[in-house]
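What follows is a short report on a single structure.
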Amino acid sequence: MTVEFGPSGNSQSFYDEGYKSSIDYPMWLKRVGLDAYEYSFGRGINLKEETAFKIGENAKRFNIKLSIHAPYYINFGSLDDDTINKSIDYLRKSSKLAKIMGADRVVFHPGSCAKIDRKTAFERCKYGVSKAIETLYKEDLFPYVIICPETMGKQNQLGTLDEIIELCNIDYNLIPTIDFGHIHALGRGALNSISDFEYIFDKLFSGLGEKCLKKLHCHFSRIEYTDAGEKKHWSLSDTDYGPEFSLLAKVLIKKDVYARIICESRENMAEDALELKRIFQMELNSLKI
Ligand SMILES: [Zn+2]
């Protein structure tokens, strides 16, 4: 079993120590004891190829696994062909930079179903994602990258666990991003016990086979929600909000899952990723006694 831990984005403490560029972040992550880094194009793709290459070189040197988060404005659920084509292009550009960087995973949000009914939006999404996969094949981006649609936290977004499993069945080059905070929020506090977490892995196993549990991408943070779903991500110390990572850690160990777990806490994401790693080690050690 291998479970890797890392942050989404750069922790405030990295900048407080005087660092300015993400090029130095892999070295910093290694020093603090982490294994992975998700670089976000969430608000736009504005990373130079040269910088992407340098981040990648350092990640290799310090053995930090890289992933990319594609822009948040990707929307494969639209009736508008232009929106679908733009979404394909954002995924293509993100994947190209991921290849240059040596980032082997590209995470994206499938799209919205706020304006049209869910079924129609999801049909459009499957069509758009299939087209995107065709484009990425043509651009020789496989097997350098693997595309990871994410489970989403709001009622008006595509990306329930079932929808993500169906999307990942389109092509071998798709694996799920399981965002446990989002699943918790969408289910209005659905993850409260070991069996709640086990249910997710059992569904993945029956929908995508055992290989899925040997190569899983995950996001974790505590989350606040309303009836509409996700409201706000919180830090691990904000214990008013779930879910509890120790429950997930127990299930990862029990089911022998190979996962990369990216922590999405605000500002102190690296510190929280380390805390997740500590909790995981503690659960592992408790089994050895
Ligand atoms: Zn995301």
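Here are a few things to note about the model shown:
- Antiparallel beta bridges, as assigned by DSSP with both residues in the chain, represent about 20 percent of the total such bridges.
- Using a Gaussian network model of the chain in which every pair of alpha carbons under 10 angstrom is joined by a spring, one finds that among Gly153, Gly42, Gly242 the greatest mean-square fluctuation is at Gly42.
- Residue-averaged [θ]222 nm for the chain, counting only DSSP H segments that reach four residues, each worth -39500 (n - 2.57): -14000 deg cm²/dmol
- Only the Cβ atoms of Lys and Arg (+1) and of Asp and Glu (-1) were treated as charged; on that basis the dipole of segment 3-288 about its Cα centre amounts to roughly 520 debye.
- Beyond 21 Å in Cα-Cα separation lie the following of the pairs Lys254/Lys277; Lys20/Lys48; Lys20/Lys215: Lys20/Lys215.
- Under 16 Å of direct C-alpha separation, and excluding same-chain neighbours fewer than eight residues apart, Lys231 reaches these lysines: Lys154.
- Where both bridge residues fall in segment 189-286, DSSP classifies roughly 50% of the beta bridges as antiparallel.
- Solvent-accessible area, 1.4 Å probe, carbon plus sulfur percent, for the chain: 49
- Near-label residues of segment 83-114 by backbone N, under 20 Å of a point 7 Å along Cα→Cβ of Tyr73: 83-98, 107-114
- Inter-probe distance in nm under a simple model that places probes 7 Å from Cα toward Cβ, at Met27 and Arg61: 0.6
- Rolling a 1.4 Å probe over the protein heavy atoms gives the chain an accessible area of 45 Å² per residue.
- Of the DSSP H helices in the chain, those whose Cα atoms cover at least 20 Å axially and whose Kyte score averages -1.0 or more: 81-101, 118-138, 194-208, 269-288
The values are calculated or read from the model by the stated rules, or taken from the named source; none is laboratory data. These figures come from a predicted structure and were not determined experimentally. Here the Cβ is made from the backbone with ideal geometry for all residues, glycine too, and neighbour counts use every protein chain on show. We work out accessible area using only protein heavy atoms, side chains counted, and drop any ligands, DNA or RNA first. Shrake-Rupley method; radii C 1.70, N 1.55, O 1.52, S 1.80 Å.
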